[in-house]
Amino acid sequence: MSIYRNAVWFMKGLQEYTKSGYEAAAKNFSPADLDVNLNGRSFMITGANSGIGKATAQEIANRGGTVHMVCRNKERAEAAKDEIVERSKNQNVYIHIVDMSSAKQVWEFAQTFSQSNSVHVLINNAGCMVNQRELTEEGLEKNFATNTLGTYILTTALIPALKKVVDSRVVTVSSGGMLTQKLNMDDLQFEKGTFDGTMAYAQNKRQQVILTERWASQHKEIHFSSMHPGWADTPAVQTSMPSFHAKMQSKLRTEAMGADTAVWLAMSAAAIKQPSGLFFQDRKAVATHLPLAFSRSTPQEEEKLLAALEEFALKFKP
């Protein structure tokens, strides 16, 4: 990780990604943007049983949307669903148990779901930051399998269904941490050198932003976007980055603050007036590279990423 990129990113984060950064940005938000009735629209949210995913599901349910919660843990998913239904009085909340790190499971779920359900908006929120290199049962590095390949397969598999409805959208919850990374096609699964879970996660998040840009150029009928939630106080941050959480806890955003831009991108009329494929922070499109960071990839490198993901995806397709 470039020392320069890391330093610039952290200083930027202290100004923009904290609770005070959100509060400053929120002064310019239009309350009318989220004053919408979502009755009749269907939203799929991965990693919806806690943190930003759960906060997003709650906001959508509050406005009458049908919510499909894609979660790994059945018990936690059921508890989250009960809370969402109780608060929203919306019974159209459904659980689907899927491990996003299992390529085969993601394929099977997407294919089965599409046969009997419609989806208007996919919110790719599920993610992990495993700090020791760990392989899935399919032999893939777990961060890559969950954050990149799982997102790629689910989105790709649902694109035909998304093209059948009006005002379809795909929102991917990325991270500002991706600003510290340049796409590295030489080591997709972090097999070389000392493993760094934070770097692996940031590399995956860079990959998600590139995928969003590419999908937007390929599928004009769907509105694609990626976003940074800021530094939020979520269970994932507490577990994966305990020292960061301990130092920054008083400055971290609430889960609802972290979810705000994803919610805005998923439901507001204002969001789809923006060009497809952009990266957002606090309801504004922002740069995907830091100044003088030399983090841009070539079109050839990006094509190589898509080709590699397609190869992995087909390998595990049922």
task = Please sort by residue number the GluC sites (Glu not before Pro) in region 1-65 whose DSSP state is loop and whose Cβ has at most 11 other Cβ atoms within 10 Å.
result = none
query = Distances over 21 Å make up what percent of all Cα-Cα pairs in region 99-167?
reply = 28 percent
message = If I model a spin label as a point 7 Å beyond the Cα along the Cα-Cβ vector, how far apart are those points for ASP186 and VAL165 in nm?
response = 4.3 nm
key: Computed over region 101-238, Kirkwood Rh from alpha-carbon pairs, angstrom   = 15.7 Å
query = Beyond 20 Å, what share of the Cα-Cα pairs of region 230-292 remains, rounded to the nearest whole percent?
reply = 43 percent
request  = In whole Å, largest first, what are the principal axis extents of the Cα atoms in region 1-123?
outcome  = 48, 38, 25
query = Quick one: which of LYS205/LYS284; LYS12/LYS205; LYS192/LYS251; LYS19/LYS54 span more than 25 angstrom between C-alpha atoms?
reply = LYS192/LYS251
query = Per-residue ellipticity at 222 nm for the chain, helices alone: DSSP H runs ≥ 4 residues times -39500 (n - 2.57), over residue total, nearest 500 deg cm²/dmol?
reply = -14000 deg cm²/dmol
Ellipsoid semi-axes in whole angstrom, largest first, where each is sqrt(5λ) of the Cα gyration tensor of region 201-305 = 26, 19, 12
remark   = Mean separation of Cα contacts under 8 Å (at least 6 apart) over the residue count of the chain, i.e. the relative contact order in percent, is 22 percent
message = Binning at 20 angstrom from zero up to the longest distance, how are the C-alpha pair distances of the chain distributed in percent?
response = 34, 61, 4
request  = Excluding residues on the same chain fewer than 8 positions from LYS142, give the aspartates and glutamates whose Cα lies under 16 Å from its Cα.
outcome  = ASP99, GLU134, ASP187, GLU191, ASP196
query = Among MET185, MET257, MET267, which one moves the most in a GNM of the chain with springs linking Cα atoms closer than 10 Å?
reply = MET185
ask   = Which residue, ALA202, ALA24, ALA32, tops the fluctuation ranking in a GNM of the chain built on C-alpha contacts under 10 Å?
value = ALA32
task = Could you pull out every one of the aspartates and glutamates with an alpha carbon less than 16 Å from that of LYS220, ignoring same-chain neighbours closer than 8 positions?
result = ASP167
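No value in this document is a laboratory result; all are computed from the given coordinates. Note that the structure is predicted; figures quoted are calculated from it, not measured. Reconstructed Cβ throughout: ideal geometry from the backbone, glycine too, with neighbour counts over all protein chains shown.
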